[in-house]
Structure formats: C-alpha cells, structure tokens
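Accompanying notes for the structure given below.
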Amino acid sequence: MVHCFIQTLPYYKQGITTEVISYMSANNGLTLIELVVTIAVLAITLGLGVPSFNSLIINNRLTTQANALVASVNLARSEAVKRGVQVRIAEESGNWKRGWRVTVAGAKNRVLLRVQSPFEGKSTLSALRDSNRVKQINFSPRGFLIGNAVTFELCNSGASANRQKKLIISSSGRVRVSDGACS
C-alpha cells in the first residue's frame, strides 16, 4: 500500500510556494517477479555480449602478434642498413609459432638483436615464398629482402573465429598487412 501526501514548502525569495510530492511505501524490498525479470534481462545481455567479447579478444591477439612480426622485420631491415651487413630472421625450433630470432648474419660471433617468444592461443604462423615453406628470411645491407617476396600467414581458426592476417614482405623489404579468413 502506497501513501502519497503533498507538502507545501515556502520559497521566500521570490514569494512562490512549491509543492513536493512524497511517496511512502510500506515495504522497500524487491518482489520475486522483479528479481526474476532482472536476472533474465542480465542473462540475455550477457548471452549476446560474451561471443562478441571473445571475438574482440581473438582480433586483438592476432593484431598484437602481427605487430610483433612487423616490428621484427622493420628492425632487421633497419639494422641491415645501419650496420651494412646481412640480417636474418629465422624461425625458432622449426616452427614460426614458437618464435623467431633476429641476428646479424655472417658474423663470427652471432649478434642477437631480438628473440620473439612463442605465440599464445590457437594461432598458427607460416611463411611462404613461391608456395614453398620458408625457415628464414635475409635482408641485404641495402635493406632489400634477399630473394622473392615472402608471405606470412597468421591464422586463428578457433570455433568462434576464423580470422587471418597476411603479412607480405616485398622484395624491396616493405611490409603490407591484410585481413581475411583462414583458408
């Protein structure tokens, strides 16, 4: 049962009185129906939002992994020009997904420039040159890729997402990234 009363409060400065309506309730809790409806709305909202959030996480992970590879390629290219020697990026333990090393090629004591740790998640990474698997790439002292262009395919073909990033390194050494679906 709800009681309503009107209280008049004078407003002296302008000579106007205002009325405030107050509601008093006998109980201040929630009914079972209100609680069930609130939980149902929350469950529907979470049911719609969680798959989208999972897709966002996968997209961000792929972008981060692609950026790590682009950073390594740019480092290798710039160090080759700066040092005037060949610089190599080679896969770690026979698989690009396990990481890679950026080293100065041909040095008596190999100079290690960067080590990339393995990727997390269900991502796969492969490198192809003319449809052949590539285990390493080399940059000349002028910053050019030695050999034909190389395409890295970074793919996450999990149940909720089938996303791919292709990193194409041209013969000039420049990197281009494109999005797509795993093949």
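The values are calculated or read from the model by the stated rules, or taken from the named source; none is laboratory data. Here the structure is a predicted model, which is why all the values come from computation and not from measurement. Positions of Cβ are generated from backbone atoms using ideal geometry, with glycine treated the same way; all protein chains shown enter the neighbour counts.
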Legend entry - Long-range neighbours under 7 Å by Cβ, at least six apart or interchain, first residue under 22 Å from R163 (Cβ atoms) within segment 40-52, second at pLDDT below 85 and not in a helix (DSSP H, G or I): P51/S160
Inset, instruction - Restrict the check to segment 15-31 and report whether at least one residue is part of a helix (DSSP H, G or I) and modelled with pLDDT of 85 or more. - result: no
Inset, instruction - Go through segment 63-85 and give me each residue that's farther than 22 Å from K166 by Cα and touching a residue at least 12 places away in the same chain (Cβ under 8 Å). - result: E79, A80, V81, R83, G84, V85
Legend entry - Of all residues making up segment 71-88, the number that are in contact with a Leu (Cβ under 9 Å, 6 or more places away or on another chain) and either assigned to a strand (DSSP E or B) or surrounded by fewer than 17 Cβ atoms within 10 Å (Cβ to Cβ) (or both): 2
Legend entry - Members of segment 95-136 found to be out of contact with any strand residue (DSSP E or B) (no Cβ under 7 Å at 6 or more places or on another chain) and in a loop (DSSP other than H, G, I, E, B), listed by number: G106, A107, K108, N109, E120, D130, S131
Legend entry - Residue satisfying all of: in segment 116-148; crowded, with 17+ Cβ neighbours inside 10 Å and aliphatic (A, V, I, L, M); nearest to W96 (Cα to Cα) among these: L125
Inset, instruction - Could you look through segment 149-163, keep only residues that are at pLDDT below 90 and surrounded by fewer than 19 Cβ atoms within 10 Å (Cβ to Cβ), and pick out the one that is nearest to N54 (Cα to Cα)? - result: S160
